[in-house]
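This report refers to the structure that appears directly beneath it.
The values are calculated or read from the model by the stated rules, or taken from the named source; none is laboratory data. In this text, all values refer to a predicted model and were calculated from it rather than measured experimentally. Positions of Cβ are generated from backbone atoms using ideal geometry, with glycine treated the same way; all protein chains shown enter the neighbour counts. Each accessible area value is taken on the protein alone, full model and side chains, heavy atoms only, with ligands, DNA and RNA left out. Shrake-Rupley method; radii C 1.70, N 1.55, O 1.52, S 1.80 Å.
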Amino acid sequence: IRSTAPPGELRAGVAAPRWPSPPCWSLVGDAELVDGWSVQTTQRLIIQDKPVLAAVDEAPRPVRLAAETQDPAFFSGTRLYTHTLGVEIDPAHRYVLDLGRVYDACEVVMDGRSVGRRVWAPWCVDLTEALRRGARRLQVRVTNTAAGAWLEPQVHHRDTRDWPNTYLDIAAPFMRESCRGGLAGPVRLKTFAQPDRA
């Protein structure tokens with residue numbers, strides 16, 4: 001069947017048989033992943049004569065994700081959060097990673113393989129197949145907007161004094177609302193089962 005009809009063409013359709021309902025899943029486990037995380041900066045946006053996305057060679061440092069964790073003010077770039085999952089896998093269950101809040105886009109990687117990218121809420125990724133393959137090393141790569149780099153004091157001062165920029169003056173108050181960055185959490189690993197197997 002063609003997906004589009006030529007202009008003026010009339011078609012009649014017949015209702016298809018009803019699709020079977022998908023299985024209903026129930027939440028049977030909800031573990032918050034607070035400790036055991038490390039974070040490192042991998043890229044930083046630098047405003048020079050033109051914006052430059054520079055690689056950063058930073059050693060991982062421990063971080064606790066119990067409360068909203070945000071990047072320092074005026075940071076724009078990418079941070080890599082790493083955690084080792086110790087989960088007993090039940091083949092009948094499904095496992096969903098709920099990242100809570102993310103500022104502003106993320107990619108979830110299990111043992112070096114991408115399992116999902118998200119650019120808006122809900123920040124949830126199904127890890128079931130990766131966990132069944134035995135994957136345990138969880139990484140969340142988070143990239144925020146360029147607002148922090150543009151509002152860095154020396155950049156903003158230069159652009160408002162030496163390089164008059166009416167747009168920046170108007171946009172700056174709104175950009176301040178976009179200066180957040182990082183994996184804010186809370187990060188939870190949710191376990192689901194079909195009701196008859198719960």
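Considering only protein heavy atoms and a probe of 1.4 Å, how much of the accessible area of segment 73-127 is carbon and sulfur, as a whole percent?
Accessible surface attributable to carbon and sulfur in segment 73-127 totals 53 percent.
For segment 44-54, what does the Karplus curve 6.51 cos²θ - 1.76 cosθ + 1.60, with θ = phi - 60°, yield as ³J(HN,Hα) per residue in whole Hz, taken in order and with x for Gly and Pro?
9, 7, 10, 8, 10, 5, 9, x, 10, 8, 9
Along Cα→Cβ, 7 Å out, is where each label goes; now give me the distance between the ones at Ala54 and Glu129 in nm to one decimal.
Each label point lies 7 Å from its Cα, and together they span 4.0 nm.
Can you check what the net charge comes to around Leu27, using other residues whose Cβ is under 12 Å from the Cβ of Leu27 (Lys, Arg +1; Asp, Glu -1)?
Taking every other residue near Leu27 into account, the sum is +1.
So for the pair Ser26, Ile46, with labels modelled 7 Å out along Cα→Cβ, what separation do we get in nm?
Placing both labels 7 Å along Cα→Cβ, they lie 5.7 nm apart.
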